[in-house]
Amino acid sequence: MGAVDSLLITEGFESADGLTFKALAALAEGFGTSCFQILSCAAHSVSFCSGYRIAGILRYALDDLVDEPEDQGLEPAQESEESCESTQLSESEQRHKEDNANKLSEESWETTALTWLTTNLSAELNGSRPDNGPIINGSDAMALTECVALLLEDESMSMVEGLHEAVDILLNDGVSLEFVQEFEQVCVALHRQPGSFYP
C-alpha cells in the first residue's frame with residue numbers, strides 16, 4: 001500500500017477478506033495513505049459505487065513501478081495507434097464542445113468544470129509527458145477526471161474543500177501547476193455564476 005497516495009472506497013464496502021472502510025483506513029494510515037469514503041449521491045459517485053467500489057491513486061507514475069519491455073520492433077504499430085488516438089481525441093473534443101454549447105445553461109458548475117477538464121486534460125498530459133504516449137495519457141486523464149468528479153460532487157465537503165482535494169490529486173499526479181491553476185480558476189468562476197446555489 002506504500003505506492004498508494006489516496007484510497008477511494010464505496011460506502012458499505014467489505015473486501016473478500018472482510019475488511020471494511022474503517023479497517024482499510026487504519027491500515028492505510030500506517031503508509032501515509034489518505035482514505036475517502038464515496039457516497040452514492042451524484043451521477044459519478046453512483047457509477048463508481050456500482051462499478052469500481054474501490055480505487056487507488058498512486059504516489060508516482062506507473063513507469064516507476066514497472067520495468068520497460070524490451071524493444072521488439074513494435075515502433076511502426078505504436079505510431080499507427082498514436083495517429084488513430086489523435087483522431088479520436090479530436091472527434092471527442094468536438095463532441096464535447098458541441099454538447100457544452102447546447103447544455104451550458106442547464107448544467108451544474110461541477111458538470112461544466114468536469115467537461116472543461118475532460119476536454120483539456122489529455123492534451124495537457126500529452127504535452128507535459130509525451131514519453132507516455134497518448135493512450136496512457138488518455139487513460140490517466142480519464143482516471144483523474146473520475147477522481148476529481150467524485151471530490152467535486154461530494155456533498156459532505158464544501159466547494160472549497162472538494163476543489164482543494166481535487167487540486168492536490170492533479171498536482172500529485174504530475175499535472176502542471178499552470179494547468180491546475182487554470183482549472184481552479186474555471187471552477188471558481190463557474191461557481192460564482194449567477195444562478196449557482198452551491199455552498
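Within the bounds of the range 15-35, is there any residue that is at pLDDT below 80, surrounded by fewer than 17 Cβ atoms within 10 Å (Cβ to Cβ) and part of a helix (DSSP H, G or I)? Checked against the condition, which is being at pLDDT below 80, surrounded by fewer than 17 Cβ atoms within 10 Å (Cβ to Cβ) and part of a helix (DSSP H, G or I), the range 15-35 yields no hits at all. Would you mind telling me which numbered condition in (1) surrounded by fewer than 20 Cβ atoms within 10 Å (Cβ to Cβ); (2) assigned to a loop (DSSP other than H, G, I, E, B); (3) among the aliphatic types (A, V, I, L, M) Ala189 fails? Here Ala189 meets the rest and fails (2).
Each row is one residue, and each column tells you yes or no for (1) under 25 Å from Ser50 (Cα atoms); (2) modelled with pLDDT of 85 or more.
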residue	(1), (2)
Ala123	no, yes
Asp131	no, yes
Cys147	yes, yes
Leu150	yes, yes
Met159	yes, yes
Leu170	yes, yes
Glu182	no, yes
Gly195	no, no
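The values are calculated or read from the model by the stated rules, or taken from the named source; none is laboratory data. None of the values given here were measured: they were computed from a predicted structure. Because the Cβ atoms are built from the backbone with ideal geometry, glycine has one as well, and the counts that use them run over all protein chains shown.
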